[in-house]
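**Q** This structure is in structure tokens; I'll ask about it shortly.
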Amino acid sequence: MNQAPVSCIPTQSKMSKAKKVLEESREIQNPELDLADKNVSTFEEMPGLLNMTYVTRLTLSHNKIKVVPPGLANLINLEILNFSNNQIEELPLSLSSMPKLRILNLSINRLFTLPRGFGAFPALEVLDLTYNNLKDDSLPGNFFMMETLRALYLGDNDFEHLPADIKNLKNLQILVLRENDIVELPSEIGELTRLRELHLQGNRLTILPPELGNLDMASQKAVFKFEGNEWVEQIKDQLQLGVSHLMDYLKSDTYRMLYKRYITNKPPPPPPCVDKSKKISRIR
Amino acid sequence: MWNIKDKSPDVPVMGDFKDGKLFLRRKHQHDGSYKKFEDIDYSPVEISKPEVVGEKNVTKWITNMSRDNMACARCGDGFGAQEKIVNSTGQLWHQQCFVCAQCFQEFPNGIFYEYDGRKYCEHDFQVLFAPCCNKCNSFIIGRVIKAMNASWHPEHFLCQMCDMELAETGFIKNGGRALCHECNAKIKAQGLGKYVCHKCHSLIDDQPLKFRGEMYHPYHFNCTACGVELDGNAREVRNRSGFAKNDMNELYCLRCHDKMGIPICGACRRPIEERVVTALGKHWHVEHFVCAKCEKPFLGHRHYEKKGLAYCETHYHQLFGNLCHVCNQVIGGDVFTALNKAWCVHHFACSVCDQKMNQKTKFYECDLKPVCKKCYEKFPNELRRRLRRQHEATPKKAGTPV
Ligand SMILES: [Zn+2]
Ligand SMILES: [Zn+2]
Ligand SMILES: [Zn+2]
Ligand SMILES: [Zn+2]
Ligand SMILES: [Zn+2]
Ligand SMILES: [Zn+2]
Ligand SMILES: [Zn+2]
Ligand SMILES: [Zn+2]
């Protein structure tokens, strides 16, 4: 009986692009792992990855990952974790215990919620949640306990309010709320004394808390973005003159009184102004 | 699509207007612009002469008087024999004509406020005229303290050092702060480089003695160990556990103190009883280990050392370079600056795929983060369309490569 010949050529050519990168990386013990745009859908396609504890940066942008396994937290030396443009709907809580994680990019995913206790990161400095489906009740109670946070990107989500707890983010320098449905800001935002970038474009804001005037938003090193809101005339007039005029105006007695009266009367907020129904993050 | 139409009315809606006429009347009365409400001129009043804005009144009725030749101040008609007549500041009204100038309703419980010859119900008076307390931000009815360019409830105008009420005692303006007389004296003493003794309240001319956070003439105390009367060289020592922090401190003369062996602060040369900071090869009081530029204590925050001096992050950054947006470290070599940020050579990369970029790389911008061309093209079409529109709407700063 003749058997069919068995090939002895290695199956290298059939190996996925991701596997190849992992193998090469293991050979040279490269701590920075680039797996962007490798057509990966699950972590099973990256065998051995969760044991490569020497890795400090893991970039998985532009893949099709839906599920993040809790075992990812084994990578205890990870400082930068980038999941930008995947299809993640849920995260494991274990992520928050990663001791050295400083930069976490979850932009362009399908998050409707964050796990309870998510704010427990001991060293997180930059958190990018741009372009998900997060709203007021998506954030766990300890979200604003991340004192080490320098930059918080929440643009392109569905928030209507920012909690007063934002004041706990004492080191925050960058806060992006672009194109949410924000109807008002808490006065506590005035306690973020290190803030030097504030993006408020495309929300439903009409008025600003006088305490915002405490921030140094008119300085050379600061950026204040405000377009696409339905500001009351008085604020609109000041913005036309410049941000420094607005900041001075917010500090004035005149404005305090205007604000007080406005808040007492509480006119209904303007309707949403950005059509986000076509966002790909909406796909379920 | 952006939808940037301003829908706020010319006159902000104040209160609950159901009647179109009311709205018109308001417009006329106040020139139709909101500003006018703010411009109401309360004449400045000295603190010794408190002003009462809008006297609170209670409706008075006339019962047994001749009603001939009497007419209602509003409608001009006479009064019926049994009719109730309202009497206020010499004028008479039908009950139904005696109403708030704003809402035309009768005054709840007969309480109204007069201002500028008009009468208002409490609600409308507050909304229209009552000044706002600079401390608690609520309306002030009754006595208003006008001081330091703001209005205050009498119980909310306080000494900015000791929180004592100033409405009765008056205040002294010192360096933009309102102070009570005692605190002002303290500041004055400090200006002379001197202190006021916490025990006898007189100026301390010689070296003062600090004890439990206050300054004293040393001669008010004796050494805990040997009992000798103390001088300015005496030392405060924390030595007994189990008590509250301030109750643990005791005073010793220099001789008794030196027998105890305690680390000395590199700044003030005084002993360190509480937490010791060790840095730059010396010991420091927590509050004496400060930035060489701004002299603010680090209090456990990160500091940067350079040539034997310590700096806070801000000032190290300001004096010696930028912090990298990714590693948050001071940038030693070449610096990339763009999008209101700086990067070290190792970390200037696309924010989406982490691929390194250089001076020549063209990149896009999203929320002031750099995005390489390849990544930008992978963004959802819908997002790219919005970002593009936003870019067209925003005036571009020179030097932002796109
Ligand atoms: Zn009224
Ligand atoms: Zn008050
Ligand atoms: Zn004394
Ligand atoms: Zn002694
Ligand atoms: Zn010292
Ligand atoms: Zn400093
Ligand atoms: Zn860096
Ligand atoms: Zn990229």
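The values are calculated or read from the model by the stated rules, or taken from the named source; none is laboratory data. No experiment lies behind these values; they were computed from the predicted model shown. In this analysis, Cβ positions are derived from the backbone assuming ideal geometry, glycine residues included, and neighbour counts consider all displayed protein chains.
**Q** Can you pull out the strands (runs of 3 or more DSSP E) entirely within the range B:265-366 that have at least 3 residues that are loosely packed, with under 13 Cβ neighbours inside 10 Å?
**A** Per the criteria, no element qualifies.
**Q** Quick check, is A:PRO267 in a loop (DSSP other than H, G, I, E, B), touching a residue at least 12 places away in the same chain (Cβ under 8 Å), more than 7 Å from chain B (Cβ to nearest Cβ) and surrounded by fewer than 17 Cβ atoms within 10 Å (Cβ to Cβ)?
**A** In short, no.
**Q** Check the range A:87-94 and report whether any residue there is buried (at least 23 other Cβ atoms within 10 Å of the Cβ) and polar (S, T, N, Q).
**A** So far as the range A:87-94 goes, no, none of its residues is buried (at least 23 other Cβ atoms within 10 Å of the Cβ) and polar (S, T, N, Q).
**Q** Something else now. List the pairs whose first member sits in the range B:139-160 and is within 13 Å of chain A (Cβ to nearest Cβ), whose second member is aliphatic (A, V, I, L, M) and surrounded by fewer than 18 Cβ atoms within 10 Å (Cβ to Cβ), and whose Cβ atoms are under 7 Å apart, counting only residues at least 6 apart or on separate chains?
**A** Once the first residue is within 13 Å of chain A (Cβ to nearest Cβ) and sits in the range B:139-160, its partners that are aliphatic (A, V, I, L, M) and surrounded by fewer than 18 Cβ atoms within 10 Å (Cβ to Cβ) give B:LYS146/B:VAL45.
**Q** Given the condition modelled with pLDDT of 85 or more, touching a Leu at 6+ places or on another chain (Cβ under 9 Å) and either farther than 30 Å from B:PHE104 by Cβ or polar (S, T, N, Q) (or both), answer yes or no: does some residue in the range B:136-151 qualify?
**A** No, the range B:136-151 contains no residue that is modelled with pLDDT of 85 or more, touching a Leu at 6+ places or on another chain (Cβ under 9 Å) and either farther than 30 Å from B:PHE104 by Cβ or polar (S, T, N, Q) (or both).
**Q** Would you mind listing the strands (runs of 3 or more DSSP E) fully within the range B:86-191 where at least 3 residues are out of contact with any His (no Cβ under 9 Å at 6 or more places or on another chain)?
**A** So the answer is B:91-94, B:111-115, B:118-121, B:150-152, B:177-179.
**Q** While we're on this one: Considering only residues that are in contact with a helix residue (DSSP H, G or I) (Cβ under 9 Å, 6 or more places away or on another chain) and either surrounded by 15 or more Cβ atoms within 10 Å (Cβ to Cβ) or more than 20 Å from A:ASN109 (Cα to Cα) (or both), which ones fall in the range B:368-381?
**A** Result: B:TYR376, B:PHE379, B:PRO380.
**Q** Filter the range A:211-264 down to the residues that are within 20 Å of A:ILE174 (Cβ to Cβ) and in a helix (DSSP H, G or I), then identify the one that is nearest to the other protein chains (Cβ to nearest Cβ).
**A** Among those that are within 20 Å of A:ILE174 (Cβ to Cβ) and in a helix (DSSP H, G or I), it is A:GLU211.
**Q** Let me ask something additional. Residues of the range B:194-234 being more than 16 Å from ligand 4 (Cβ to nearest atom) and under 18 Å from B:ASN249 (Cβ atoms), which ones? First the steps, then the outcome.
**A** Keep residues of the range B:194-234 that are more than 16 Å from ligand 4 (Cβ to nearest atom), which gives B:194-208, B:210, B:212-217.
Of everything in the range B:194-234, those that are more than 16 Å from ligand 4 (Cβ to nearest atom) and under 18 Å from B:ASN249 (Cβ atoms) turn out to be B:TYR195, B:CYS197, B:HIS198, B:LYS199, B:PRO208, B:LYS210, B:ARG212, B:GLY213, B:GLU214, B:MET215, B:TYR216, B:HIS217.
**Q** A follow-up question, please. Could you list, in sequence order, all residues of the range A:107-123 that are away from chain B (no Cβ under 12 Å) and assigned to a loop (DSSP other than H, G, I, E, B)?
**A** The answer is A:LEU111, A:PHE112, A:THR113, A:LEU114, A:PRO115, A:ARG116, A:GLY117, A:PHE121, A:PRO122.
**Q** What are the residues in the range B:351-366 that are among the acidic types (Asp, Glu) and more than 8 Å from every other protein chain (Cβ to nearest Cβ), if any?
**A** B:GLU365
**Q** Moving on. Is there a residue being among the charged types (D, E, K, R), within 14 Å of another protein chain (Cβ to nearest Cβ) and away from ligand 2 (no atom under 16 Å from the Cβ) anywhere in the range B:312-322? Please lay out each step first, then the result.
**A** We begin by selecting, within the range B:312-322, every residue among the charged types (D, E, K, R); these are B:313.
Next, only the ones that are within 14 Å of another protein chain (Cβ to nearest Cβ) stay: B:313.
Applying the additional criterion that residues be away from ligand 2 (no atom under 16 Å from the Cβ) yields B:313.
Yes, some residue in the range B:312-322 is among the charged types (D, E, K, R), within 14 Å of another protein chain (Cβ to nearest Cβ) and away from ligand 2 (no atom under 16 Å from the Cβ).
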